[in-house]
Amino acid sequence: MAATFLTGVFTELDLAIVIGVITSLCVFLYDSAHPIVAVGSPTEINGRRVFKNAANYGLPECPQISVIRVDGPLFFASVEIVEQQFR
């Protein structure tokens, strides 16, 4: 939004729209190519067993099975990042 606003203030409006669309597309592609891969760990909250993000909550990972959650869109550009995080 800032790129569109500043471009619109200093140049023509049609160029500002193009800059805004290109910037938005670049940010979307970057976010889509780097999805969040989180390892879940079982824990007990209020007498119920739930899965929480092991890294965020400082929980030990389950030694028998790995529960992995992928947040975000998956497409061909994100395969390498997801593969690295799986390993």
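Matching residues to (1) at pLDDT 85 or above; (2) of a type in the set (Phe, Trp, Tyr); (3) surrounded by 11 or more Cβ atoms within 10 Å (Cβ to Cβ):
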{"position": "Thr11", "(1), (2), (3)": "yes, no, yes"}
{"position": "Ile17", "(1), (2), (3)": "yes, no, yes"}
{"position": "Val21", "(1), (2), (3)": "yes, no, yes"}
{"position": "His34", "(1), (2), (3)": "no, no, yes"}
{"position": "Gly47", "(1), (2), (3)": "yes, no, no"}
{"position": "Val79", "(1), (2), (3)": "no, no, yes"}
{"position": "Val82", "(1), (2), (3)": "no, no, yes"}
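Working carefully through the options Ile45, Ile68, find the one that is out of contact with any Gly (no Cβ under 8 Å at 6 or more places or on another chain) and not aromatic (Phe, Trp, Tyr).
Working: Ile68 fails: out of contact with any Gly (no Cβ under 8 Å at 6 or more places or on another chain).
After ruling out the rest, the residue left standing is Ile45.
For segment 1-16, what are the residues that are more than 17 Å from Val27 (Cα to Cα) and not in a helix (DSSP H, G or I)?
Step one: filter segment 1-16 for residues more than 17 Å from Val27 (Cα to Cα), giving 6-15.
Within segment 1-16, Thr11, Glu12 qualify.
Out of curiosity, is Glu61 open to solvent by 80 Å² or more (accessible area, probe 1.4 Å) and in a loop (DSSP other than H, G, I, E, B)? Explain how you work it out, then say what you get.
Details: open to solvent by 80 Å² or more (accessible area, probe 1.4 Å): yes; in a loop (DSSP other than H, G, I, E, B): yes.
Criteria met by Glu61.
Which one of Ser32, Ser41 is in a helix (DSSP H, G or I) and either in contact with a Pro (Cβ under 8 Å, 6 or more places away or on another chain) or closer than 16 Å to Arg69 by Cα (or both)?
Selected residue: Ser32, the only one of Ser32, Ser41 that is in a helix (DSSP H, G or I) and either in contact with a Pro (Cβ under 8 Å, 6 or more places away or on another chain) or closer than 16 Å to Arg69 by Cα (or both).
Run Pro73 past the list (1) open to solvent by less than 80 Å² (accessible area, probe 1.4 Å); (2) free of Cβ contacts under 8 Å to residues at least 40 places away in the same chain and report the number of the one that doesn't hold.
For Pro73, the failing item is (2).
Please go through segment 49-58 and pick out each residue that is among the small types (Gly, Ala, Ser) and either open to solvent by 90 Å² or more (accessible area, probe 1.4 Å) or assigned to a helix (DSSP H, G or I) (or both).
Ala54, Ala55
Restricting to segment 36-45, name every residue that is under 20 Å from the mean Cα position of the chain (by Cα) and open to solvent by 60 Å² or more (accessible area, probe 1.4 Å).
Scanning segment 36-45 gives a single hit, Ile36.
Return the residues of segment 12-55 that are within 19 Å of Gln84 (Cβ to Cβ) and among the charged types (D, E, K, R); say none if nothing qualifies.
Asp31
Table: residues versus (1) without any contact (Cβ under 8 Å) to a residue 40 or more places away in the chain; (2) closer than 30 Å to Phe76 by Cα; (3) of a type in the set (Gly, Ala, Ser).
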site	(1), (2), (3)
Met1	yes, yes, no
Thr7	yes, no, no
Thr11	yes, no, no
Val21	yes, yes, no
Leu29	no, yes, no
Ser32	no, yes, yes
Val37	no, yes, no
Arg48	yes, no, no
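The values are calculated or read from the model by the stated rules, or taken from the named source; none is laboratory data. Because the structure is predicted, anything quoted here is derived from the model rather than measured. Every residue, glycine among them, receives a Cβ derived from its backbone with ideal geometry; neighbour counts consider all protein chains shown. SASA here: full protein model, heavy atoms, side chains in, ligands and nucleic acids out. Shrake-Rupley method; radii C 1.70, N 1.55, O 1.52, S 1.80 Å.
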